[in-house]
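Participant: This is the structure, below, for whatever I ask next.
The values are calculated or read from the model by the stated rules, or taken from the named source; none is laboratory data. The structure displayed is predicted, hence computed values, not measured ones. All Cβ positions, even for glycine, are placed from backbone atoms using ideal geometry, and neighbour counts span all protein chains on display.
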Amino acid sequence: MADSHPTAQHTPNFLSEATSLADELSHLRRSLHQHPELGNYLPWTQNAVIEALEGLPLTIHRGTNVTSVTAVLEGKKPGPTVLLRGDMDALPVEENSGEEFASTNGAMHACGHDLHTAGLVGAAKLLSAHQSELPGKVIFMFQPGEEGPGGAAPMIEEGVLDVTGERPVAAYGFHVAPAPQGTFMHRSGTVMAGAYNLHVVVHGKGGHGSAPHSALDPVAPLTEIATAIQTAVTRQFNVFDPVVATITQLQAGTAAVNVIGDDARLGATVRAMTRESGDQFGVMIDRLAKGIAEAHGCTAEVEFTTLYPPTVCDAGETERSAERLRDVFGEDAVVEVPEPRMGSEDFSFVLEEVPGTFMFVGASYPIEDVWNQPMNHSAEVRFDDAVLPQQSAALATLAFGRLAEA
């Protein structure tokens, strides 16, 4: 394909070079898949990544507070810094994928982070082979805890964005998804929602179930709060800046059905497309819950916390990245998605500090009906690691192309 991007002629043919890494990256991915670890403590995974990077001209830093890996490649030509990110943690899911390399330890790479990690290793290998031509520096951010409690923020606190002595001019991340293999899906602006945790406790006064008038039953105001949340979402928030509030926990009472307990509580996950709407929801639910509880003679405690802010892609970086990928993979392989997803990502913390983009990569097995396969987080989800050379080449292309452009 003829080069159409003004810097494309300066970028090596990483896609061609990545084919020689296919078996190595597949082996790494499957090894990671068989040894999933959870949260911010991933000692086996951390060591596996460092071992996979051995022999490359990288400066490697282990995380102090979390088991992260930060690797830096310094090109032989002067230039700025870019950042590439891959998350490493798994989910507390009992695997039922049927893969011959399935996990058996009660956890599962059900969101494809094993591919993200292996793909970033591949990008490090591709870019390291062109160190003499590289006009700048690349930070490889191997991050734990994306599924919770969050690993990006601790890595930022430990200096991942400043490890080269200057802030990156751009940051890029990929996430695999059930879709035609090797399809890159992008969107400018908000691509994933912010995630918030809500807990409400209503305090009343216990008593006998036969005489609720002599008690302060906390269940009545709690259920009213639960209903009022859904009404408030449709009446206090712009339909074009949506908020989703899903109540997932309701608890009250004791082991005896004829006893009114002292307390009742609910838990919910809240998603918002902008930080402003997320903040507004926090103010609204505090007023709403306490007001309803007070009307019943009870009191309410409200805890509303931000897990991850919305993931917002810089328009310029996203458009240039899509153009670079079209140069390499063809027009049909790069697709703009019309709507953001209500799922959340802690790469959002990086994109609040550095302009960049976050894309989805189709990683389905080449079967007939890819759109009806199990989704991420399913115990049955399967991803084809044949996509790894494309994924690695795409990351390397974005990094090198951005540096060459600077």
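Participant: Select from region 98-110 the residues that are touching an Asp or Glu at 6+ places or on another chain (Cβ under 7 Å) and crowded, with 20+ Cβ neighbours inside 10 Å and list them in ascending order.
Facilitator: Residues satisfying the conditions are S103, M108.
Participant: Please find, among S31, S20, S16, the residue that is hydroxyl-bearing (S, T, Y) and under 23 Å from the mean Cα position of the chain (by Cα). Before you say what the answer is, go through the steps one by one.
Facilitator: Details: S20 fails: under 23 Å from the mean Cα position of the chain (by Cα); S16 fails: under 23 Å from the mean Cα position of the chain (by Cα).
Testing whether each residue is hydroxyl-bearing (S, T, Y) and under 23 Å from the mean Cα position of the chain (by Cα) leaves just S31.
Participant: Can you find a residue in region 112-125 that is assigned by TED's automatic domain parsing to the domain that holds N376, of a type in the set (A, V, I, L, M, F, W, C) and part of a strand (DSSP E or B)? Can you show your working first?
Facilitator: Taking region 112-125 and keeping what is assigned by TED's automatic domain parsing to the domain that holds N376, we get 112-125.
Still in the list and also of a type in the set (A, V, I, L, M, F, W, C): 115, 118, 120-121, 123-124.
The next check asks that each one be part of a strand (DSSP E or B); those that pass are none.
Scanning region 112-125 turns up no residue that is assigned by TED's automatic domain parsing to the domain that holds N376, of a type in the set (A, V, I, L, M, F, W, C) and part of a strand (DSSP E or B).
Participant: Right, here's the next one. Mind listing whichever residues of region 112-159 are charged (D, E, K, R), under 21 Å from L307 (Cα atoms) and in contact with an Asp or Glu (Cβ under 7 Å, 6 or more places away or on another chain)?
Facilitator: E146, E147
Participant: I'm checking my understanding of the structure. Among residues of region 161-192 that are crowded, with 24+ Cβ neighbours inside 10 Å and aliphatic (A, V, I, L, M), which one is farthest from the chain's Cα centre (by Cα)?
Facilitator: It comes out as A170.
Participant: Out of the residues in region 359-406 that are among the small types (G, A, S) and in a loop (DSSP other than H, G, I, E, B), which is nearest to V121 (Cα to Cα)? Don't jump to the end; show me each part of the working.
Facilitator: Kept after step one, since they are among the small types (G, A, S), are these residues of region 359-406: 362-364, 378-379, 386, 392-394, 396, 399, 401, 404, 406.
This time we only want the ones that are in a loop (DSSP other than H, G, I, E, B), so: 363-364, 378-379, 406.
On the way: A363: 17, S364: 21, S378: 25, A379: 26, A406: 24 Å.
Ranking the qualifying residues of region 359-406, first place goes to A363.
Participant: Then there is this: Which condition number does T231 fail, the rest of (1) hydroxyl-bearing (S, T, Y); (2) without any contact (Cβ under 8 Å) to a residue 40 or more places away in the chain; (3) in the same structural domain as R320 (by TED's automatic domain parsing) being met?
Facilitator: Looking at each condition in turn, T231 falls short on (3).
Participant: Pairs only if they're at least six apart or on different chains, beta carbon under 8 angstrom, first in region 335-351 and in a loop (DSSP other than H, G, I, E, B), second among the β-branched types (V, I, T); list them, first residue then second.
Facilitator: V337/V191; P340/T190; P340/V191; M342/V244; S344/T311; E345/T311; F347/T311
Participant: Search region 364-406 for residues being β-branched (V, I, T) and at pLDDT 95 or above, and hand back the single one that is farthest from the chain's Cα centre (by Cα). First the steps, then the outcome.
Facilitator: First pass over region 364-406, keeping only residues β-branched (V, I, T): 367, 370, 381, 387, 397.
Add one more test, that the residue is at pLDDT 95 or above, and what stays is 381, 387, 397.
Details: V381: 17, V387: 19, T397: 22 Å.
Going through the qualifying residues, I end up with T397.
Participant: Any idea which of T70, T45, T64 is under 25 Å from P149 (Cβ atoms) and modelled with pLDDT under 95?
Facilitator: Values: T70 fails: modelled with pLDDT under 95; T45 fails: modelled with pLDDT under 95.
Residue meeting the stated conditions: T64.
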